[in-house]
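Note sheet for the following structure.
The values are calculated or read from the model by the stated rules, or taken from the named source; none is laboratory data. If you're wondering where the values come from, they're calculated on a predicted model, not measured in any experiment. When we count neighbours, we look across all protein chains shown, and the Cβ atoms used for this are built from the backbone with ideal geometry, even at glycine. Side chains are part of the model used for accessible areas, which takes the heavy atoms of the whole protein and leaves out ligands, DNA and RNA. Shrake-Rupley method; radii C 1.70, N 1.55, O 1.52, S 1.80 Å.
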Amino acid sequence: MNELNVPSLEWDPVTLLFDHAAEFPPAAIVVLNTPILLRPEVVCSLWNRAIRRVTVDGGTNHWLRFAEENGKLIENKYPHLITGDMDSIEPDLLSQCQKEKSEVLNTPNQLKTDFHKALDCIASSNNNAVDVVFVLAEHSGRVDQILSNLSTLHQTSKIFKRDVPVFIVASDTVTWVLNPGVQHRIHVADRLIESQSNCGLIPLAGVASHITTTGLKWNLTDQGLEFGNKISSSNTYSGSSIVTVETDTQLVWSMSLGLTKKRD
């Protein structure tokens with residue numbers, strides 16, 4: 001609780017991604033059908049520590065090629081589960097995974113994206129034992145796919161029927177959704193503060209009328225954001241190791257991982 005008696009929620013995905021000695025919760029990793037451009041040591045550490053490893057349709061092609069190039073860092077390259085409508089995976093790679101006992105679940109429902117269906121599978125398996133999900137997905141030039149992935153992020157509480165953090169991790173960003181009703185406390189690594197790395201708050205679920213933040217260079221104090229009007233992009237940090245966010249509507253939070261040269 002904070003001084004206003006609002007429940008607080010801690011977020012520290014950067015530590016989970018980069019501090020391999022940090023305590024790691026029961027996690028799933030999901031590989032979507034985009035190139036894998038995140039640093040290999042980070043990807044392989046996530047894969048090795050995950051209790052549920054899922055590749056989504058054509059993401060299997062990308063994963064197995066990545067694994068061939070980085071095999072020395074990977075304990076077992078074959079996913080526990082392959083999902084999707086199977087219109088993108090290469091048949092020989094599918095057969096190879098089946099021989100290695102990967103479960104294959106064809107999910108032809110076109111009313112949901114392959115990403116959404118993969119989360120459905122994770123939520124329904126192992127008694128919903130996963131406490132965090134890391135999704136490897138680059139912003140690969142398809143605006144419709146980018147928006148589709150963000151739309152799925154907004155539905156994760158309904159999918160898991162509890163609050164399971166789902167982080168989309170790209171080559172230099174990590175993105176997730178902040179729900180209303182709590183004070184979000186986002187931990188910011190010193191190197192991100194020192195380099196003035198970028199971050200942003202995007203309201204895609206409707207008008208956010210009351211947002212209050214601390215720890216940002218350009219804070220909001222009971223102010224509104226609206227997609228198609230004012231959003232908070234290309235923001236950065238004030239120097240505090242904690243950013244707090246309170247909102248009355250779901251917000252997309254995205255932050256640079258500080259791995260590439262900053263762009264204005």
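Below are the figures for this structure:
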quantity: Selection status of residue 54, outside any helix (DSSP H, G or I), touching a Pro at 6+ places or on another chain (Cβ under 7 Å) and either modelled with pLDDT under 95 or open to solvent by less than 30 Å² (accessible area, probe 1.4 Å) (or both); calculated: yes
quantity: Selection within the stretch 133-175 - within 20 Å of residue 197 (Cβ to Cβ) and among the hydroxyl-bearing types (Ser, Thr, Tyr); calculated: 171, 173, 175
quantity: Entirely in the stretch 121-212, the helices (runs of 4 or more DSSP H) that have 1 or more residues that are among the hydrophobic types (A, V, I, L, M, F, W, C) and within 17 Å of the chain's Cα centre (by Cα); calculated: 143-153, 156-160
quantity: Matching option when the condition is within 22 Å of residue 152 (Cα to Cα), surrounded by 21 or more Cβ atoms within 10 Å (Cβ to Cβ) and of a type in the set (A, V, I, L, M), among 220, 201; calculated: 201
quantity: Of residues in the stretch 204-217 being within 25 Å of residue 172 (Cα to Cα) and among the aliphatic types (A, V, I, L, M), the one surrounded by the fewest Cβ atoms within 10 Å (Cβ to Cβ); calculated: 204
quantity: Odd one out for residue 182 among (1) farther than 18 Å from residue 31 by Cβ; (2) at pLDDT below 95; calculated: (2)
quantity: Tabulated pairs, the stretch 95-109, first surrounded by 11 or more Cβ atoms within 10 Å (Cβ to Cβ), second part of a strand (DSSP E or B) and small (Gly, Ala, Ser), C-beta under 7 angstrom, 6+ apart or interchain; calculated: 107/84
quantity: Hits in the stretch 114-130 (condition: touching a strand residue (DSSP E or B) at 6+ places or on another chain (Cβ under 9 Å) and farther than 15 Å from residue 168 by Cα); calculated: 117, 120, 121, 122, 125, 126, 129, 130
quantity: Cβ pairs under 9 Å, 6+ apart, first in the stretch 34-49 and surrounded by 19 or more Cβ atoms within 10 Å (Cβ to Cβ), second among the polar types (S, T, N, Q); calculated: 34/140; 34/145; 36/171; 38/171; 43/70; 44/70; 47/76
quantity: Residues of the stretch 12-46 satisfying the condition of being among the β-branched types (Val, Ile, Thr) and in a loop (DSSP other than H, G, I, E, B); calculated: 34, 36
quantity: Selection from the stretch 9-23 of residues that are at pLDDT below 95 and open to solvent by less than 50 Å² (accessible area, probe 1.4 Å); calculated: 22
quantity: Members of the stretch 131-154 found to be of a type outside the set (A, V, I, L, M), within 25 Å of residue 244 (Cβ to Cβ) and surrounded by fewer than 20 Cβ atoms within 10 Å (Cβ to Cβ), listed by number; calculated: 131, 154
quantity: Condition met for residue 163 (among the charged types (D, E, K, R) and either without any contact (Cβ under 8 Å) to a residue 12 or more places away in the chain or under 22 Å from residue 31 (Cα atoms) (or both)); calculated: yes
quantity: Of all residues in the stretch 225-246 being in a strand (DSSP E or B) and in contact with a His (Cβ under 7 Å, 6 or more places away or on another chain), the one that is surrounded by the fewest Cβ atoms within 10 Å (Cβ to Cβ); calculated: 242
quantity: Total residues in the stretch 104-120, condition assigned to a helix (DSSP H, G or I) and over 14 Å from the mean Cα position of the chain (by Cα); calculated: 3
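Residues checked against (1) of a type in the set (Lys, Arg); (2) more than 17 Å from residue 32 (Cβ to Cβ):
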residue: 94; (1), (2): no, no
residue: 99; (1), (2): yes, yes
residue: 114; (1), (2): no, no
residue: 131; (1), (2): no, yes
